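Heads up, the thing below is written out as structure tokens.
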């Protein structure tokens with residue numbers, strides 16, 4: 001029933017939304033908006049609806065589009081046309097994945113596109129990665145929120161497009177990490193939320209995560225002894241954006257261990273439809289290995305939710321490289 005209703009919403013809504021965009025895309029002129037093809041990303045202290053480690057759905061091999069590698073780099077294009085593509089993609093995907101939430105108007109899609117492009121450029125992240133986290137954490141619902149209580153009292157919330165974690169004080173302000181001092185109502189502003197997510201992702205990429213390493217030392221008598229030290233995480237078994245969900249330490253057991261792969265397949269889909277590079281998908285290992293199973297790849301979603309999201313993103317149409325280069 002859920003899938004049928006979403007399909008109905010798509011068939012009725014997408015055509016209207018995209019039709020209203022068509023004239024502005026056709027006449028788009030270069031602007032000073034940052035190019036979304038430059039890297040972008042989001043994060044938080046174990047943030048998001050996916051951070052509770054809910055039971056994994058059965059994994060199954062699914063047919064996927066013939067795309068075994070990250071999208072090819074296309075020729076440089078004007079920022080104005082690139083931003084139009086970004087806004088078009090955001091509107092199309094929002095219409096497909098929203099559930100019992102209002103559609104975005106073209107101006108709202110444009111505002112989100114500007115925010116994604118700006119934060120992506122500022123933090124040297126891929127716009128497609130920011131959109132992937134956004135789709136995963138909130139289904140692109142700017143009002144999404146998850147409340148956590150203890151002894152009947154609210155002590156934390158995850159909220160907004162990027163699922164930012166906020167540990168609340170008595171004045172409804174955040175007390176944790178890079179969001180310390182931010183009012184909850186301000187955190188829920190879409191533009192602010194995207195920037196906070198991008199800032200968090202950049203922090204994990206740039207050395208914010210840790211791992212324990214055992215080193216051997218000598219005492220005054222020349223005897224060897226072992227000491228455990230925390231050092232920057234080298235992300236050898238997982239992509240650095242895993243820490244957006246896991247916090248400082250990567251969780252290598254249970255359902256959460258594959259969070260980076262689930263984000264990667266969405267990143268790949270967004271980069272494909274926007275014809276933009278996603279260099280983070282080729283920089284190293286994406287996720288930990290499943291014993292006895294084939295390796296997970298960026299073009300092969302496994303869990304049912306991500307198979308569906310992957311197809312929904314790819315079915316939104318592809319921005320033409322020729323149009324982008326005009």
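We did not get these values from a lab; they are worked out from the coordinates using the rules stated. This structure is a prediction, so every number in the text was calculated from the model and none was measured. Cβ sites come from the backbone with ideal geometry, for glycine too, and all protein chains shown count toward neighbours.
Some notes on this structure:
- Extension gain for residue 217-residue 99 works out to 36.7 nm (0.36 nm per residue, less the C-alpha to C-alpha distance).
- Residue 293/residue 145 FRET efficiency (R0 25 Å; Cβ-Cβ; nearest 0.05): 0.10
- When the square roots of the Cα gyration tensor eigenvalues are ordered a ≥ b ≥ c, the ratio a/c for region 91-139 is 1.5 or more and a/b does not exceed b/c, which makes its shape oblate.
- Shape category assigned to region 180-243 from the gyration tensor of Cα positions, a/c cut at 1.5: prolate
- Applying 1/(1 + (r/R0)^6) with R0 = 51 Å to the Cβ-Cβ distance of residue 111 and residue 227 gives a FRET efficiency near 0.50.
- Value of D in µm² per second that Stokes-Einstein yields for region 97-223, Kirkwood Rh from Cα pairs, at 37 °C (0.692 mPa s): 200
- Averaged over residues, the count of other Cβ atoms within 10 Å places the peptides 288-296, 260-268, 305-313, 198-206 in the sequence 260-268, 198-206, 305-313, 288-296, highest first.
- If the chain linking residue 318 and residue 175 were pulled fully straight, counting 0.36 nm for each residue of separation and taking away their Cα-Cα distance, it would gain 47.3 nm.
- The protection proxy used here, the mean number of other Cβ atoms lying within 10 Å of each residue, ranks peptides 139-149, 89-99, 269-279 as follows, highest first: 269-279, 89-99, 139-149.
- Applying the Kirkwood pairwise sum to the alpha-carbon positions of region 224-326 produces a hydrodynamic radius of 15.5 angstrom.
- Here, P(r) means the percent of Cα pairs in each 10 Å bin from 0 to the largest distance; for region 109-175 it is 20, 40, 28, 10, 1.
- Pairwise Cα inverse-distance average, inverted: Kirkwood Rh of region 224-270 (Å): 12.1
- The listed peptides 115-125, 212-222, 161-171, ordered by packing as a protection proxy, come out as 115-125, 161-171, 212-222 (highest mean of other Cβ atoms within 10 Å first).
- Shape category assigned to region 145-291 from the gyration tensor of Cα positions, a/c cut at 1.5: oblate
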